[in-house]
1. Taking D192 as the residue in question, decide whether it is modelled with pLDDT of 95 or more and over 14 Å from F14 (Cα atoms).
2. What are the residues in the stretch 175-209 that are farther than 21 Å from A86 by Cα and among the hydroxyl-bearing types (S, T, Y), if any?
3. Looking at the stretch 168-193, which of its residues are out of contact with any strand residue (DSSP E or B) (no Cβ under 6 Å at 6 or more places or on another chain) and open to solvent by 50 Å² or more (accessible area, probe 1.4 Å)?
4. Might you let me know whether the stretch 233-254 holds any residue that is modelled with pLDDT of 95 or more, β-branched (V, I, T) and within 24 Å of A74 (Cβ to Cβ)?
5. So in the stretch 194-221, with the set limited to residues that are surrounded by 20 or more Cβ atoms within 10 Å (Cβ to Cβ) and among the polar types (S, T, N, Q), which one is nearest to E256 (Cα to Cα)?
6. Looking only at the stretch 127-164, count how many residues are closer than 23 Å to R235 by Cβ, surrounded by fewer than 19 Cβ atoms within 10 Å (Cβ to Cβ) and of a type in the set (G, A, S).
7. Residues D257, D251, D229: which one is in contact (Cβ under 8 Å) with a residue 40 or more places away in the chain and either open to solvent by 10 Å² or more (accessible area, probe 1.4 Å) or part of a loop (DSSP other than H, G, I, E, B) (or both)?
Amino acid sequence: MPHPLVSPADIDAFQRDGAVVIRGLWADWIDERAAGIERNLAEPGPYAAENLEPGERGRFFDDYCNWQRIPAFARVIHDSPVARVAADLMRSSTVQMFHDHVLAKEPGTAKPTPWHQDGPHYFVEGRQTISFWAPMEPVTTATLRCVAGSQRWPRPVLPTRWLAETNFYPDSDAYIPVPDPEAEGMPIFEWDLQPGDAVAFDFLTLHGARGNTTDRRRRAFSLRLVGEDARYVERPGRTSPPFPGHAMQPDQRLREDWFPILLRR
């Protein structure tokens, strides 16, 4: 039986559309996530980035791979129901850690999060992948936006750097250009969310977010997990996150000492 937070309709929606809302996923973990995010903002890690050009108003911060040094994040990952929910949605017998991600847009930050797929930035591929995006504040206009069915597109979307707007890899012919979903009439999911809610989406689901033009902060905690069929792949350039020195070979499962198994059924 699925976890009580997950219905069969949720599983079908995730498989069909590549994105679904799980209401109340982290309702009991709001304070833990807030504490972790505030520590991350105060003590950025080596991959932290500020994503605004000089003169742009507000602040758009992101950072990842901090769960091992920020205990609040580790508790949310290990002690909450997220791994069981992930297993249900992915239809996987295992759930493995990939990385955490914090994104913060301060009030008046007009810059949107560009449309992108997570998968092409990563050195892992598989049909069983999942990201969770969960805000710390109620969100409406600054919420996550997902293009329904984009996880099934025949070619991935070209990964670009958010600030520099340059390509990640030299072989851009293997990818399609970043589309404009609104102009092209694509079906876009955009949910109002409360602090305990989370959007679950496939690594290949095209997504982005509007700028935060409200008078309150918009902090979000994201978690990336993979299932039993996920395998290491080589990319033609530096991935994000890079995980230097991992020593994995193509078609291997991710090494469990770096990427621990959170659930095995």
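1. yes
2. Scanning the stretch 175-209 gives a single hit, Y175.
3. Matches in the stretch 168-193: P170, D171, D173, P177, D180, E182, A183, E184, G185, P187, D192.
4. Looking for residues that are modelled with pLDDT of 95 or more, β-branched (V, I, T) and within 24 Å of A74 (Cβ to Cβ), one finds none in the stretch 233-254, hence no.
5. This residue is T205.
6. Residues that pass the stated criteria total 1.
7. D229
The values are calculated or read from the model by the stated rules, or taken from the named source; none is laboratory data. Just so we're clear, the structure is a prediction, and the values are computed from it rather than from any experiment. Using ideal geometry, Cβ is built from the backbone for each residue, glycine included, and neighbour counts are taken over all protein chains shown. What goes into the accessible areas is simple: the full protein's heavy atoms, side chains included, and nothing from ligands, DNA or RNA. Shrake-Rupley method; radii C 1.70, N 1.55, O 1.52, S 1.80 Å.
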